[in-house]
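Trainee: Sharing a structure, written as structure tokens. Questions coming.
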Amino acid sequence: MARIMALDYGTVRTGIAVTDELQLIASGLKTVATNELMTFLKAYLQEEPLELLVIGKPKQMNNTDSQSELAIQKFIESLNETFPGLAIERIDERFTSKMAFQSMIDSGIKKKKRREKGLIDTISATLILQNYLAQKP
């Protein structure tokens, strides 16, 4: 079975998480600079097959799209052109950054390490993927 990948897309950095081959466990992979994301995905897909790419859908508290949604839509258009056969799903990502930060505190990560925004992005992508797996039929 191919893996599922999740992205916590940001205009500067994008957190990435993947499942194991049985699609049971979500693990943080890394954070990459968003301007290098397509290069990373091309290299990754040459090594590992993906069944699905899950991309967080940022929403405001009133359920409207956040400001970053326009950039994500442009990125998805580029993905569809570059990887036409790759399935893409969206999942609500509200509160994932706050939950990621809290999980770092709960797991005892030192304050200096918690300041690394890339770590929060990777954990956020993992939470997005865990949420997707929990909702998956």
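Taken together, the values in this text are just the output of simple stated rules run on the coordinates, not laboratory data. Everything quoted here is computed from the prediction, not taken from an experiment. So basically every Cβ, Gly included, is an ideal-geometry build from the backbone, and we count neighbours across all protein chains shown.
Trainee: Could you list which residues have their amide H under 5 Å from that of residue 54, counting only those 5 or more apart in sequence or on another chain, with H placed in the peptide plane?
Mentor: Here the answer is 5, 6, 7, 89, since their amide H atoms fall under 5 Å of that of residue 54.
Trainee: Sorted by packing (mean other beta-carbon atoms within 10 Å per residue), highest first, where do 83-91, 25-33 land?
Mentor: 25-33, 83-91
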